[in-house]
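Step one of this worksheet: look at the structure below.
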Amino acid sequence: MDSTEQRIKIAIQKSGRLTDHSLDLLERCGLKFTQSKDQLFCYGENMPIDLLLVRDDDIPGLVSDDVCDLGIAGLNVINEKRLGLLSSGGCAQFRQVFALDFGHCRLAIAAPYDVAYENVASLQGSRIATSYVQTLRHYLEKNNVQADIEYFSGAVEIAPKLGKADFICDLVSTGNTLTANQLVEVETVLQSEAVVIQTSAPLAEHKQQLVNRILQRLDGVLQVRESKYIMLHAPRSALAEIADLLPGSEYPTVIPLDSCDDKVAVHAVCRENVFWETLENLKEAGASSLLVLPVEKMLA
Ligand code: PRT
Ligand code: ZN
């Protein structure tokens, strides 16, 4: 077998809003890479896992066509590709495996300040500029609205000023771009964040094992982000109340203390943020010697 066929390929954005987060995430999974001179490829040094650095719009296609085994892209891009394939009689050969909690934005419809907008029916018979033709079409159909979709590949927000559209449908995060163009958000079409997709084509066993391994590590990295390890001393009599107060912790470990019978040590992984208020409540319930530590790695 060709050695390249035994390696996993992950498609990530070459240069843009998702690039640093995607690289950071993969590095946290213990992967090390050397970048090629043309900066289109990263060779996996410590595992047979390579990166393809491409435009974000190409990522779902590369995974669907089985050129890459995994990909990281915004749900907005993934959804647009999936609907595009469906509308041309095809089918997306990938599935979404994780939401990554970065690259948050929404695909929204926005109206010029001087337009009297009431509800989604106000879009009837209008012209809407967007680069998300498929997602917008799907949304309009779902809401029984007929409107003309004008394709814009970029700078969608200037379409109303140019007289090319009545509304726009574009990605929004802070809303500053809309405000700068005297536009106001009126409908949310899609909430988006970066996600991992995996090819649904069957993989050779060794490749599937590698994919499973990397997905397990990704899951671990995502879980520890919010997780904290908490240690405290508690009177036995208050154990139940204290266990209830530990945020997102399923099975605290209870350890007897050598020096005293009526107190125990409690250790727990809390899968939610531990706030000062939580510590104060634990103390009030009888806990003492409270310690909160970050969690570095976790394997379920
Ligand atoms: O070259 P390539 O095609 O890879 O890059 P790109 O320019 O298409 O993508 P890039 O890097 O801009 O965005 C990559 C992904 O980041 C998107 O597909 C989204 O999933 C996510 N994302 C998150 C955003 C935004 N926030 C965002 N604000 N993508 C684009 N924007 C743009 C938006 O299009 C608008 O022009 O930012 C402007 C609005 O921002 P605010 O903050 O003014 O509301
Ligand atoms: Zn793009």
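Table for the structure above
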quantity: Counted residues, region 86-110 - those being under 29 Å from GLU157 (Cβ atoms) and either under 10 Å from the mean Cα position of the chain (by Cα) or surrounded by fewer than 20 Cβ atoms within 10 Å (Cβ to Cβ) (or both); calculated: 12
quantity: Count - residues of region 112-152 that are of a type in the set (S, T, N, Q), part of a loop (DSSP other than H, G, I, E, B) and open to solvent by less than 20 Å² (accessible area, probe 1.4 Å); calculated: 1
quantity: When residues of region 153-195 are limited to those that are free of Cβ contacts under 8 Å to residues at least 60 places away in the same chain and either charged (D, E, K, R) or in a strand (DSSP E or B) (or both), the one surrounded by the fewest Cβ atoms within 10 Å (Cβ to Cβ); calculated: LYS161
quantity: Hits in region 154-174 - residues which are at pLDDT 95 or above and among the small types (Gly, Ala, Ser); calculated: ALA159, GLY163, ALA165, SER173
quantity: Unmet requirement for LEU31, which otherwise passes all of (1) at pLDDT 95 or above; (2) surrounded by 13 or more Cβ atoms within 10 Å (Cβ to Cβ); (3) away from ligand 2 (no atom under 16 Å from the Cβ); (4) not in a loop (DSSP other than H, G, I, E, B); calculated: (4)
quantity: Filter result for ASP66 (under 29 Å from SER153 (Cβ atoms), modelled with pLDDT of 95 or more, acidic (Asp, Glu) and open to solvent by 40 Å² or more (accessible area, probe 1.4 Å)); calculated: no
quantity: Pairs, first under 21 Å from LEU257 (Cα atoms) and assigned by TED's automatic domain parsing to the domain that holds ALA240 in region 284-300, second open to solvent by 90 Å² or more (accessible area, probe 1.4 Å) and among the basic types (Lys, Arg), C-beta under 6 Å, six or more apart; calculated: none
quantity: Residue, nearest to PRO247 (Cα to Cα), within region 200-212, restricted to residues that are assigned to a helix (DSSP H, G or I) and open to solvent by 50 Å² or more (accessible area, probe 1.4 Å); calculated: ASN212
quantity: Only listed residue being modelled with pLDDT under 95 and either acidic (Asp, Glu) or over 29 Å from GLN93 (Cβ atoms) (or both), chosen from GLU205, GLU185; calculated: GLU205
quantity: Check on LEU51, crowded, with 23+ Cβ neighbours inside 10 Å and either within 15 Å of ligand 1 (Cβ to nearest atom) or touching a residue at least 24 places away in the same chain (Cβ under 8 Å) (or both); calculated: yes
quantity: Hits in region 213-269 (condition: among the hydroxyl-bearing types (Ser, Thr, Tyr), in a strand (DSSP E or B) and out of contact with any Leu (no Cβ under 7 Å at 6 or more places or on another chain)); calculated: THR253
quantity: Yes/no for SER15 being within 16 Å of ligand 2 (Cβ to nearest atom), farther than 21 Å from GLN216 by Cα, loosely packed, with under 14 Cβ neighbours inside 10 Å and not hydrophobic (A, V, I, L, M, F, W, C); calculated: yes
quantity: Any chance ILE59 is within 18 Å of ALA92 (Cβ to Cβ), within 16 Å of ligand 1 (Cβ to nearest atom) and either assigned by TED's automatic domain parsing to the domain that holds THR199 or free of Cβ contacts under 8 Å to residues at least 40 places away in the same chain (or both); calculated: yes
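Quick grid of which residues meet (1) of a type in the set (A, V, I, L, M, F, W, C); (2) within 16 Å of ligand 1 (Cβ to nearest atom); (3) touching a residue at least 60 places away in the same chain (Cβ under 8 Å):
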residue	(1), (2), (3)
SER15	no, yes, no
LEU25	yes, yes, yes
TYR43	no, no, no
LEU75	yes, yes, yes
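The values are calculated or read from the model by the stated rules, or taken from the named source; none is laboratory data. In this text the structure is predicted, and so the values were computed from the model without any measurement. Ideal geometry is used to build each Cβ from the backbone, glycine not excepted, and the neighbour counts take in all protein chains shown. Keep in mind that these areas ignore ligands, DNA and RNA; they rest on the heavy atoms of the full protein, side chains included. Shrake-Rupley method; radii C 1.70, N 1.55, O 1.52, S 1.80 Å.
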